[in-house]
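Shown next, in structure tokens, is the structure this report addresses.
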Amino acid sequence: MTRVNGKVAMVTGGATGIGVGVVRMLVDEGARVVIADIAEEAGQQLAEELGESGLFLRLDVTDEGQWQQGIRDLEEHWGPLDILVQSAGISRPASIEDASLAEWRDHMAVHGEGAFLGCKYAVQSMKKAGGGAIVNISSVESIRPGPLFTCYGAAKAAQDAITKTVALHCGERGYNIRCNSVHPAATYTPLLEQYLNSAEDPAGLEKTYASMQPLNRIATVEEIAHAVLFLASDESSFMTGHQMYVDGGALTKPYPSGEGA
Amino acid sequence: MTENFNDKVVLITGGASGLGEACAQAFAAGGGRVAVADVSSEAVAGVVDRIEAQGGQAIGVTCDVTDSSAVEGMVKRVVDTWGRLDVGVNSAGIVTPITPVAETEEGDFDRLMAVNVKGVWLSMRGQIRQMLEQGGGSIVNMASALSIRVHPGSAFYVASKFAVAGLTRTAAVEYAQSGIRINAICPGNIKTPMFEKAVTDPETIAALQGLHPMNRLGKPEEVAAAVMWLASDAASFTTGSLLTADGGWTAT
């Protein structure tokens, strides 16, 4: 298994949810991976489990100084970055009537500023490596947001615009750096479990979430990680600025109005 | 190499030239049993020979995809040989000369639509019928960056590739719960032998290259890798999607 053999990768949000799946798959395929997260305990634990191939970095993606220091440390340890996967995210659903300005700013900071800073410092490092691949985890909510994704949908749309401008800039400059996004629909992550468990009728909500996809089920973390691996590897060498939907067909259907999902 | 296709049965229309041939070679190299379907029996035999020379498994099927009984025969031939059909790649397609709409000809329209739209519909229909019977499968249609963007002088081609996107997405929803995933790949300008023969003027090549932010033409293998990914189990939650392999063209 050598699809990203010898590559140096960083996965933000690497200690939870989709990030963990991506970290494991990249390591399985031969990469050395920095698990960048604010969740120290989970991140350290995963790094220990991965041995030589894993390294934990405490990183708040909204903090420019931490990005600068983190990339510097990484370069000293393993050399410049080949792959950046930005999976750090928050999602606290609320309608326009209920969402506060503070919530809005939190979402924009993590997804918008986070993606901005991540791309900025990754490009700087990847130029030294002679190229690289950035994969930003977006969402179907950036393309077709539901009524409760006021902050999340807007923040992911901001992230999408960064993905495209980075792809165009790097393409035009001939940096050999590609930048793409993966758009999952509902996926079995701790965040989803949390939604489900907080619902009055968890099984009913699970069914509602599943029914939003023509495949009529919720994705596994591995199914998202497979797409990330493909976009991070040289197999996708002519793909940049692409929005890859791994959504069970959700975006082929109109939003299921009235279901409150 | 992307995914493992050991013993999977793969049918590729337009499999004897350009992107179809690149897909045929890639699936065969990945362990698949490949049916190479195309209109020219001579070209089909050539590709089958090349695959076998590399140690791969292939059969040739001569088929005009605009002919419904020929398409039925094509699927039957594959099933008679290997008992099933796991993957359909519908790559048969043609272009007509660059012409503004006011000067286009009826014959060109009919010919192009017959291959690029009717051909994909018939091929997909035959493949879906077989996949329903066996309980699943995966189909990848050859769409184009021109399923998303337009190009002056290419109205017929653009219209046909928009149609392929529509066929793909509709069928994907219809069969989502029958174990059949249906997706399309959207290549940019790819350096196929046909492209190299048709476009020789350096200025035109530079202009076409410039459509892609990567400022180069794609390689057939790069499209084949994306097709294989969509066809593989790694893409098990992906259906009704248009995957680009276009050097960033449609991001602009």
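The values are calculated or read from the model by the stated rules, or taken from the named source; none is laboratory data. From a predicted model like this one, the values you see are computed outputs, not experimental measurements. Every residue, glycine as well, gets a Cβ built from its backbone with ideal geometry; the counts of neighbours run over all protein chains shown.
Before moving on, here are some points about what is shown:
- Leading residue by the ranking (surrounded by the fewest Cβ atoms within 10 Å (Cβ to Cβ)) among those in the stretch A:196-215 that are under 23 Å from B:THR170 (Cβ atoms) and out of contact with any helix residue (DSSP H, G or I) (no Cβ under 7 Å at 6 or more places or on another chain): A:SER211
- Test set (1) touching a residue at least 24 places away in the same chain (Cβ under 8 Å); (2) of a type outside the set (S, T, N, Q); (3) buried (at least 24 other Cβ atoms within 10 Å of the Cβ); (4) in a loop (DSSP other than H, G, I, E, B) - B:LYS161 fails condition number: (4)
- Taking the criterion of being of a type in the set (Gly, Ala, Ser) and free of Cβ contacts under 8 Å to residues at least 60 places away in the same chain, the residues of the stretch A:4-30 that qualify are A:GLY6, A:ALA15, A:GLY30.
- Number of residues in the stretch B:183-220 that are facing chain A (nearest Cβ under 10 Å), surrounded by fewer than 16 Cβ atoms within 10 Å (Cβ to Cβ) and either within 22 Å of B:ILE94 (Cβ to Cβ) or within 21 Å of the chain's Cα centre (by Cα) (or both): the value is 0.
- Verdict on B:VAL36 being in contact with a helix residue (DSSP H, G or I) (Cβ under 8 Å, 6 or more places away or on another chain) and of a type outside the set (Ser, Thr, Tyr): yes
- Leading residue by the ranking (surrounded by the fewest Cβ atoms within 10 Å (Cβ to Cβ)) among those in the stretch A:216-227 that are closer than 22 Å to A:ASN180 by Cβ and within 8 Å of chain B (Cβ to nearest Cβ): A:THR220
- Enumeration of residues in the stretch A:148-195 that are more than 16 Å from the chain's Cα centre (by Cα), surrounded by fewer than 24 Cβ atoms within 10 Å (Cβ to Cβ) and assigned to a helix (DSSP H, G or I): A:THR150, A:THR165, A:LEU168, A:HIS169, A:GLU172, A:ARG173, A:GLU193, A:GLN194, A:TYR195
- Hey, B:ARG84 touching a Gly at 6+ places or on another chain (Cβ under 9 Å) and either surrounded by 20 or more Cβ atoms within 10 Å (Cβ to Cβ) or within 26 Å of B:GLN25 (Cβ to Cβ) (or both) or not: yes
Okay, residues lined up against (1) of a type in the set (Val, Ile, Thr); (2) closer than 17 Å to A:VAL135 by Cβ:
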residue: A:ILE18; (1), (2): yes, yes
residue: A:GLY30; (1), (2): no, yes
residue: A:GLU40; (1), (2): no, no
residue: A:GLN44; (1), (2): no, no
residue: A:GLY54; (1), (2): no, no
residue: A:GLY89; (1), (2): no, yes
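- Selection of the stretch A:66-112 for residues being without any contact (Cβ under 8 Å) to a residue 40 or more places away in the chain and hydroxyl-bearing (Ser, Thr, Tyr) yields only A:SER100.
- Screening B:PHE156 against (1) at the interface with another protein chain (Cβ under 9 Å from one of its Cβ atoms); (2) buried (at least 20 other Cβ atoms within 10 Å of the Cβ) leaves a single unmet condition, (1).
- Within the span defined as the stretch A:241-249, every residue fails to be farther than 17 Å from A:GLU141 by Cα, assigned by TED's automatic domain parsing to the domain that holds A:ASP28 and touching a strand residue (DSSP E or B) at 6+ places or on another chain (Cβ under 6 Å).
- Residues satisfying the stated conditions in the stretch A:47-62, i.e. in contact (Cβ under 8 Å) with a residue 40 or more places away in the chain and within 17 Å of A:GLU113 (Cα to Cα): A:LEU59, A:VAL61, A:THR62
- Against the conditions (1) within 25 Å of A:ILE96 (Cβ to Cβ); (2) of a type outside the set (S, T, N, Q); (3) free of Cβ contacts under 8 Å to residues at least 12 places away in the same chain; (4) not assigned by TED's automatic domain parsing to the domain that holds A:ASP106, A:ALA161 satisfies every one except (4).
- Note on the stretch B:227-249: among residues that are more than 7 Å from chain A (Cβ to nearest Cβ) and surrounded by fewer than 23 Cβ atoms within 10 Å (Cβ to Cβ), the one that is nearest to B:CYS186 (Cα to Cα) is B:SER232.
- Failed condition for A:GLY131, given (1) in contact (Cβ under 8 Å) with a residue 12 or more places away in the chain; (2) under 18 Å from the mean Cα position of the chain (by Cα): (2)
- Residue in the stretch B:175-182 that is farther than 25 Å from B:VAL117 by Cβ, more than 19 Å from the chain's Cα centre (by Cα) and more than 9 Å from chain A (Cβ to nearest Cβ) present: yes
- B:GLY46 meets each of the listed conditions (1) under 23 Å from B:VAL227 (Cα atoms); (2) touching a residue at least 60 places away in the same chain (Cβ under 8 Å) apart from (2).
- Test: residue in the stretch A:37-47 that is assigned by TED's automatic domain parsing to the domain that holds A:ASP234, under 25 Å from A:ALA185 (Cβ atoms) and within 14 Å of the chain's Cα centre (by Cα): yes
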